[in-house]
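Below you'll find the structure, written out as structure tokens, and then a few comments.
The numbers here are math on the coordinates, done by the rules we state, and not lab data. Values in this document were obtained by computation on a predicted structure and should not be read as measured data. When we count neighbours, we look across all protein chains shown, and the Cβ atoms used for this are built from the backbone with ideal geometry, even at glycine.
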Amino acid sequence: MEGTWPLRLDGVECGSVTARRSGAYTLFSARALYMGPLKRISLYGPGGEAPLGVLAPDGDGCALERRLTRRELAALGGAIDYAAESGGVRRPDPEPENDAGDAELEAAPEEGELWYSSLDGSLSRFDGERLLVALPADRPRVPDWAKGVLRRINGREYVVFPR
């Protein structure tokens, strides 16, 4: 198993995890531009979670290297989707699309709203009180009480989170 996957901390993609064969093991190297409190991270796949360890401060961010056996990787169900904080809940597969019951999107953004884009497709802006992070979502489904988090920005659907 070799490849590179996104690393998400506090709900924001801020780094990556790379895997390469190293003898009988798979060597995972994680690197993130993150300067917050120490985080224990795991790999997530269709079958569940495989713990990697604690990210340690390293120059401009934090890093981690860990060797895992095939047995330790078996919990992932054969594939890796992403890496994130340990103990996270794996999101279920999306339900089939259905036009009935889709949440209504909030009206167009206020005039003068300036959103800053990131390489990962997310947007951010400061609303005078807090940082707002908007993650792109295709046909998002949220409960009725959370409809206020859905926004259409520049013709695309986003889920907006305060940070």
Sorted largest first, the C-alpha extents of the range 3-85 along its principal axes in whole angstrom are 32, 25, 18
With label points set 7 Å from each Cα along the Cα-to-Cβ direction at E2 and R125, the distance between them in nm comes to 4.4 nm
Between the modelled labels at Y116 and D58 (7 Å from Cα along Cα→Cβ) the distance in nm is 2.6 nm
Using eta = 1.306 mPa s and T = 10 °C, Stokes-Einstein with Kirkwood Rh from Cα pairs puts D for the range 116-162, in µm² s⁻¹, at 143 µm²/s
Ordering 147-158, 73-84 by per-residue average of other C-beta atoms within 10 angstrom, highest first, gives 73-84, 147-158
Semi-axes of the range 48-89 from the Cα gyration tensor (sqrt of 5 times each eigenvalue, largest first, whole Å) come to 22, 12, 8
Quick calc, R156 & S16: beta-carbon distance into FRET formula, R0 25 Å, rounding 0.05, result 0.55
